[in-house]
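Here's the structure we're looking at; comments come further down.
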Amino acid sequence: MRRASQPPPVLDRPGAARGLIHPPALFARRPRIPPRVVLTYFPEALEALRAAGRLRPLLELRREGAPMPFYTLGAGVGQVAVGLSGVGAPLAVMVLEELMALGGRTFVSVGGAGALDGRLRPGLAFLPTRALRGEGVSQAYQSRGRWSRPDRAALQALTAACRAAGLACARGAAWTTDAVYRETPALVRRRRAEGCRVVDMEAAALFAAARFRGARLAVLLYAGDDVSGPVWRPRRWNQLVEVRARLLELALQAVRALAPQ
């Protein structure tokens with residue numbers, strides 16, 4: 001007899017059960033961090049803040065490889081923690097889990113994305129209003145649906161920060177995928193038909209994990225490389241240093257405007 005095919009293990013969801021390694025217990029004895037946190041993928045923008053004397057060392061998250069330093073900016077109730085996030089959904093959510101366990105409750109993640117819509121010019125700010133769950137991590141945090149979504153108040157704060165700065169900002173759906181080298185033309189067309197305008201590697205997982213833990217989180221991106229056509233166009237996406245610095249400042253402003261969850 002032919003055996004019935006089984007779904008891939010990524011769909012074996014854990015439900016709401018507590019994990020064997022439980023971040024709140026693991027980090028219970030560590031000093032607390034500010035409840036407002038900005039996660040960024042812009043090392044040069046973060047270094048510029050540090051060189052200008054605006055950042056104070058806070059802590060290091062340690063794992064295999066180099067430690068991940070985090071800093072504080074500001075003082076008192078307006079103090080914000082800021083540091084580099086991990087690239088890709090697994091590491092990004094591991095960092096998020098640890099920061100939530102240390103006291104982070106309201107988050108803005110600021111990074112770049114590929115343009116599925118060729119009309120999105122390089123450097124244009126983009127706010128994902130939902131993210132298609134093409135990665136594996138969100139399956140452990142959200143049991144249903146093709147989409148995960150940001151916290152509404154955090155998204156509104158980012159929208160308000162962009163408007164106050166006079167910054168043009170597009171909105172819409174993102175496609176989150178683990179496989180950056182498997183974004184085929186056929187898949188791009190399919191995702192675009194579903195309404196996706198950009199592609200990234202973290203948003204869907206971050207939305208799902210934050211909601212599962214009862215934290216607020218929204219994502220601010222900019223349009224980088226163009227994957228909308230038959231040929232990849234890099235468009236010098238990671239050299240837009242002025243754009244990246246401005247978006248980091250906007251993320252810091254937006255997270256300050258939010259009351260911790």
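The values are calculated or read from the model by the stated rules, or taken from the named source; none is laboratory data. Note that the structure is a prediction, hence the values are computed from the model and not measured. All Cβ positions, even for glycine, are placed from backbone atoms using ideal geometry, and neighbour counts span all protein chains on display.
Values computed for the structure shown
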quantity	calculated
Per-region count, the stretch 85-95, residues without any contact (Cβ under 8 Å) to a residue 40 or more places away in the chain and either surrounded by fewer than 17 Cβ atoms within 10 Å (Cβ to Cβ) or over 20 Å from P23 (Cα atoms) (or both)	0
When residues of the stretch 141-164 are limited to those that are surrounded by fewer than 16 Cβ atoms within 10 Å (Cβ to Cβ) and among the aliphatic types (A, V, I, L, M), the one farthest from L250 (Cα to Cα)	A153
Looking only at the stretch 1-42, and only at residues there that are within 25 Å of V108 (Cβ to Cβ) and basic (K, R), the one that is surrounded by the fewest Cβ atoms within 10 Å (Cβ to Cβ)	R32
Candidate set: the stretch 220-244, residues that are over 22 Å from Y181 (Cα atoms) and out of contact with any Asp or Glu (no Cβ under 8 Å at 6 or more places or on another chain); chosen: the one surrounded by the fewest Cβ atoms within 10 Å (Cβ to Cβ)	E242
Any hit, the stretch 129-137, residues being touching a Ser or Thr at 6+ places or on another chain (Cβ under 7 Å), of a type outside the set (D, E), buried (at least 19 other Cβ atoms within 10 Å of the Cβ) and within 14 Å of A251 (Cα to Cα)	no
Test for R189: is it under 21 Å from E135 (Cβ atoms), free of Cβ contacts under 8 Å to residues at least 12 places away in the same chain and not in a loop (DSSP other than H, G, I, E, B)	yes
Residue within the stretch 207-216 that is surrounded by 13 or more Cβ atoms within 10 Å (Cβ to Cβ), more than 19 Å from S138 (Cβ to Cβ) and at pLDDT 95 or above present	no
Of all residues in the stretch 15-35 being part of a loop (DSSP other than H, G, I, E, B) and among the aliphatic types (A, V, I, L, M), the one that is modelled with the highest pLDDT	I33
Residue list for the stretch 66-84, filter: closer than 11 Å to L39 by Cα and either over 19 Å from the mean Cα position of the chain (by Cα) or in contact (Cβ under 8 Å) with a residue 60 or more places away in the chain (or both)	V80, V82
